[in-house]
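Take a look at the structure set out below.
None of the figures in this text is laboratory data; all of them are computed from the coordinates on show. Note that the coordinates shown come from a computational prediction; the quantities given were computed from them, not determined experimentally. Every residue, glycine among them, receives a Cβ derived from its backbone with ideal geometry; neighbour counts consider all protein chains shown.
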Amino acid sequence: VTQSLQILLVDDDAIFRKALSRALARRGHRVETAASPEQALRTTDLSTFDAAILDLKMPGMDGIDLLKEFRTREPDLPVVLLTGHGTIPSAISAIQAGAYQYLLKPCEVDEVEITLRNAVRGRALALENRSLREVAQRASPYQGIVGQSAAILKVIDLIEHTKESSKPALIQGESGTGKELVARALHWGSQRRDRPFVTVNCAGLKPELLENELFGHVEGAFTGASRSKGGLFEIADGGTLFIDEVADMNLTVQASLLRVVETCVFRPLGSTREKKVDVRIITAANRNLHDEVLAQRFRQDLLYRLEVIHIVVPPLRERLEDIPLLVDAFLNSSVDAKRKSITVSHEALKPLMDYSWPGNVRELFHVLERAVLLSGGGPLHGSELLGVLRPAFAPLAPGSLPLGKVATLHESEKVHIARMLKEENGNVSRVSEILGIDRRTLQRKMKRYGLR
Ligand SMILES: Nc1ncnc2c1ncn2[C@@H]1O[C@H](COP(=O)(O)OP(=O)(O)OP(=O)(O)O)[C@@H](O)[C@H]1O
Ligand SMILES: [Mg+2]
């Protein structure tokens, strides 16, 4: 099927104008004509045309002036110029002014039609390339951080401004918001990028063990210390040490950490000699450390030192507009999604954007991963995503609690946790990840509710 074009023809020669417009109309195109540039500019809305044909030589404003005027009003409209033998030099300057092509009069209608079609196709390709490029640019992540919401751009801006500093940075945000991603971006964007990025997670490490990890020990420092061992501070020398879940660090270790932060000096366990290091310290916490200070679980002086640069990563529910980009990024990075040619339809994004995402980006990726796993291929629909979301989305489906009984928050929490455990075959780490709480909190709740 050949496409019918909407064409604007401007020529002061009445006979030629009528003949060409009739010939083009016979081939199924819709042609509007104007007898002068002035008339063309007065009466026509350029955006409705696929292409324009302008006579180069007209009284008053000539074809080139009209072309320039068209370029400012509708830059993407392809323009073909018609010219007699006497005016070829100015036809060349017309091309330079942005005409698609010029044709010599008298011309065959075939030639005019082919030229118009090529011009229109060329424009379509140019527009497509441009929009692809725009999408690619818009979506191109900053150091792996996907998003274009004002909230995430603010985070990226802060990273940009502080990445070269060696001052401590504290990254706060709920679980799964991307704190570690931010820490890595700070490191990779800095002069330290060729030096190590070392991470240590304070959660679940006994104080002695954490201290040993951080500072190392000398031979004979304690029973079983048959050899000396360098700590993470030494390994990270010249680079970055990322201390995750710093709220879980106990007060003794906090005191040692404060000392390194203040003096860049530390002493391995059992050693009499101090070591000096150049390490950028980045800490992360999903609890509010100021509350921890009030509860006397965290040293205020240490907090002041750690939060010289303070980056707060907002929860996903405060930047729902990032979800389409995150979905896209996930599908592009998922081998399974590629193999099954999985896409997410526009309509399917709706349930994702109506949900509050307590587990943030990690939870979103988890939902997508499951949906991809369960899908046979092709586009994912809203119902399929909702199917995966449901356990988290609707913890209290009708009938899940005894009728006539008022559900307290605890009761609904219990039902919800029980359901998730069942769903995930009792995998506690998985469930804690989905629920956006840490493992130990989940285990505490399971114990309280008698769940196993
Ligand atoms: N803006 C983002 N763009 C792309 N991926 C993201 C983004 N934010 C988070 N992620 C992804 O989500 C997952 C969780 O991110 P990350 O581990 O950095 O979170 P976190 O804040 O450190 O969580 P936790 O407090 O539980 O340790 C990772 O797979 C990460 O790559
Ligand atoms: Mg983390």
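Here residue 18 is the anchor, and the lysines within straight C-alpha reach of less than 24 Å, apart from those fewer than 8 places off in the same chain, are 57, 105. In the chain, the convex hull through the Cα atoms has an average projected area of 34.3 nm², a quarter of its surface area.
Local charge sum around residue 152 (other residues, Cβ-Cβ under 9 Å, Lys/Arg +1, Asp/Glu -1)? Before the final figure, lay out the partial values.
Details: positive: 154, 319; negative: 322.
Charge balance in the 9 Å sphere: +1.
Once you reduce region 196-269 and region 1-65 to the center of their Cα atoms, the two points are 78 Å from each other.
Counted residue by residue at 0.36 nm each, then reduced by the alpha carbon distance between them, the extension gain from residue 221 to residue 321 reaches 30.6 nm. By the count of neighbouring beta-carbon atoms within 10 Å, fewest first, 202, 107 end up ordered 107, 202.
Counting 0.36 nm for each residue step from residue 339 to residue 72 and taking away their Cα separation leaves a gain of 91.5 nm.
Counting every other Cβ atom within 10 Å of each residue's Cβ, 372, 146 order from fewest to most as 146, 372. Spin-label model, residue 353/residue 425: points 7 Å from Cα along the beta carbon direction are separated by 3.6 nm. Exposure proxy for 44, 283: other Cβ atoms within 10 Å of each Cβ, ordered fewest to most, give 44, 283. For the pair residue 262 and residue 297, a Förster radius of 25 Å applied to the C-beta separation gives a FRET efficiency near 0.75, rounded to the nearest 0.05.
With the cut-off at 29 Å, tell me which of the pairs 163/338; 163/276; 154/206; 229/447; 179/445 have Cα atoms farther apart than that.
Numbers: 163/338 34 Å; 163/276 22 Å; 154/206 36 Å; 229/447 38 Å; 179/445 25 Å.
Among 163/338; 163/276; 154/206; 229/447; 179/445, the Cα-Cα distance tops 29 Å for 163/338; 154/206; 229/447.
Tally the DSSP beta bridges in the chain and give the antiparallel ones as a percent, rounded to 5. Mind dumping the intermediate values first?
Values: 5 of 42 bridges.
In the chain, approximately 10 percent of DSSP beta bridges are antiparallel ones.
How about residue 340: which aspartates and glutamates have a C-alpha closer than 20 Å to its C-alpha, ignoring those fewer than 8 places off in the same chain? Those aspartates and glutamates meeting the cut-off are 328, 369, 384. Each DSSP beta bridge with both residues in region 129-255 is either parallel or antiparallel, and the antiparallel ones are about 40%.
Please label the shape of region 221-264 as rounded, prolate or oblate, based on the square roots a ≥ b ≥ c of the eigenvalues of the alpha-carbon gyration tensor (a/c under 1.5 means rounded; beyond that, a/b larger than b/c means prolate, else oblate). In terms of gyration-tensor shape, oblate.
Would you please classify the overall shape of region 1-81 from the alpha carbon gyration tensor, given that a ≥ b ≥ c denote the square roots of the eigenvalues, rounded means a/c under 1.5, and beyond that prolate means a/b larger than b/c while oblate covers the rest? Because a/c hits 1.5 or more and a/b fails to exceed b/c, region 1-81 counts as oblate.
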